[in-house]
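S.K.: The structure under discussion is supplied below as structure tokens; questions concerning it will follow.
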């Protein structure tokens, strides 16, 4: 059998062992590389193709096709176009207001110059049902969201048989606390759940309508993976009580999102859920609502040992990521990176169910030699 890139990804997602471990780089906004890190990588590889940002706000790059081909990357990214006629605008080079009315400011002293949300429409006072209802919500059927999607799919298909990964940003947590403020959002789960649930429903409506708009533009038959997510864990534990809070307030919205995209693709597309930190106690919930893969598999977080994850959930969930970005990638040698990559492939990839990628985006401090070592090891290392 001659394996295509798409075959390789789909085999792993179906818990079958392909010819080698499938590789992702830039399939979504949180599986790529920061702009500063990308410039270092380009210089090291001798790549002169102009940098294409995947997201200015998250300060990440869309890797050039020649780099994706060099690293044997099996995925290709598709995401919504720019919203037309919204309130989003740049105040200056370091300040941006998005379509939800959230103010983002650049962290100028940070080498990667990430943006952080600094203000939003619900930051002040108590959150009320009336205030949420009165907000000028963006429309997930905005025609700008579909712009360029059909053309991008055609471009990918013309260059080979790659797995098409549709990244649908946002959700009910990340956007919710950007609009409300992180601390207030958490308090509202206990103090004002009625108003917060309405806020989440409005965000869920927008996300599901966006999914319908973009999937229709892409062609449902062309979408292999839907990628979205929300952080539920910290380095040391859960951000929310998995049963009392997540199950009651957040899980129903995530279920609706998963069921929406699976319905729109006639059950064909697999769903990859992004959740940083200690995701362990949420995994049974995610499996139950139909999630097929978990990213970024933060192996240094509490309860996230690769051996434990594979033993307990490996027959039900594909792991996407797992290469340590807190120590090995930035501070290890290329040999140490290669050894870690082989170890993760051997543990998580046995029997299928693993897609190689770093834990979250590759940061600016990661030496290009280590990036090359990770991907080259992925291409060369056989399953054991």
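Every read-out reported here was derived from the displayed coordinates using simple, explicitly stated rules and does not represent laboratory data. Keep in mind it's a predicted model, so treat the numbers as computed, not measured. Positions of Cβ are generated from backbone atoms using ideal geometry, with glycine treated the same way; all protein chains shown enter the neighbour counts.
S.K.: Describe numerically, in nm with one decimal, the distance between label points set 7 Å from Cα along Cα→Cβ at residue 137 and at residue 124.
M.R.: That separation, rounded to one decimal, is 2.4 nm.
S.K.: With an 8 Å cut-off on Cα pairs and a minimum separation of 6 or more residues, tell me the relative contact order of the chain in percent.
M.R.: RCO, the chain: 21 percent.
S.K.: Further question on the same structure: Just from its helices, what would the mean residue ellipticity at 222 nm be for the chain, if runs of 4 or more DSSP H residues each count -39500 (n - 2.57) and the sum is divided by every residue, rounded to the nearest 500 deg cm²/dmol?
M.R.: So the calculated ellipticity at 222 nm is -11000 deg cm²/dmol.
S.K.: Direction-averaged shadow area of the convex hull around the Cα atoms of the range 1-97, nm²?
M.R.: Its Cα hull, projected and averaged over all orientations, spans 8.4 nm².
S.K.: Let me ask something additional. Restricting things to alpha carbons, tell me how big the chain is in terms of Rg and Dmax, in Å.
M.R.: Spelled out, the Cα radius of gyration and Dmax of the chain are 20.0, 62 Å.
S.K.: For residue 186 and residue 56, calculate 0.36 nm times their separation in residues minus their Cα-Cα distance, and state this gained length in nm to one decimal.
M.R.: Roughly 44.1 nm would be gained on extension.
S.K.: Is the range 177-240 best put as rounded, prolate or oblate by its Cα gyration tensor, with a ≥ b ≥ c the root eigenvalues, rounded for a/c under 1.5, and otherwise prolate when a/b is larger than b/c, oblate when not? Intermediate results must be reported in sequence, preceding the final value.
M.R.: Values: a/c = 3.72, a/b = 1.76, b/c = 2.12.
In terms of gyration-tensor shape, oblate.
S.K.: Quote the relative contact order of the range 271-384 in percent (integer), defining contacts as alpha-carbon pairs under 8 Å separated by 6+ residues.
M.R.: Result for the range 271-384 is 26 percent.
S.K.: A further question follows. What would the Debye equation give as log₁₀ I(q)/I(0) for the range 327-384 at q = 0.15, 0.16 Å⁻¹, counting only Cα atoms as equal point scatterers?
M.R.: -0.39, -0.44
S.K.: Modelled label-to-label distance, residue 151 and residue 248, 7 Å Cα→beta-carbon offset: nm?
M.R.: Label-label distance for residue 151 and residue 248, simple model: 4.9 nm.
S.K.: Now a separate question. Using the Cα atoms of the range 251-334 to build a convex hull, what is its mean projected area in square nanometres?
M.R.: Computing the convex hull of the Cα atoms and averaging its projections yields 6.3 nm².
S.K.: Return the distance in nm (one decimal) between the two label points of a simple spin-label model at residue 335 and residue 255, each offset 7 Å from Cα along Cα→Cβ.
M.R.: Rounded to a tenth, the inter-label distance reads 5.3 nm.
S.K.: Just need log10 I(q)/I(0) for the range 236-384 at q = 0.17 Å⁻¹, Debye formula, equal scatterers on the alpha-carbon atoms, no solvent, rounded to two decimals.
M.R.: -0.96
S.K.: Continuing with this model, one more query. Compute the Cα gyration tensor for the range 91-150, then decide on rounded, prolate or oblate, letting a ≥ b ≥ c be the square roots of its eigenvalues: rounded whenever a/c is under 1.5, prolate when a/b is larger than b/c in the other cases, and oblate in all that remain.
M.R.: Verdict is oblate for the range 91-150.
S.K.: I'd like the projected area of the range 62-220, averaged over all directions, using the convex hull of its alpha carbons. Report it in nm² with one decimal. Numbers along the way, then the final one.
M.R.: Details: hull surface 45.5 nm².
Projected area, direction-averaged: 11.4 nm².
S.K.: Then there is this: How many angstrom separate the Cα center of the range 172-243 from the Cα center of the range 283-316?
M.R.: 19 Å
S.K.: Something else: What is the helix-to-structure angle for 193-218, meaning the angle in degrees between its Cα long axis and the longest Cα principal axis of the chain, kept from 0 to 90 and rounded to the nearest 10?
M.R.: 50 degrees
S.K.: Moving on. Report, largest value first, the span of the C-alpha coordinates of the range 125-189 along each principal axis, in whole Å.
M.R.: Largest to smallest, the principal-axis extents are 53, 23, 12 Å.
S.K.: Further question: Expected output is a single nm value to one decimal: the length gained when fully extending between residue 65 and residue 90, i.e. 0.36 nm times separation in residues minus the C-alpha distance. What is it?
M.R.: Roughly 6.0 nm would be gained on extension.
S.K.: With the Cα gyration tensor of the range 151-267 giving a ≥ b ≥ c as the square roots of its eigenvalues, does the rule (a/c under 1.5 for rounded; else a/b larger than b/c for prolate; else oblate) give rounded, prolate or oblate?
M.R.: Working: a/c = 2.54, a/b = 2.17, b/c = 1.17.
Note, shape of the range 151-267 comes out prolate.
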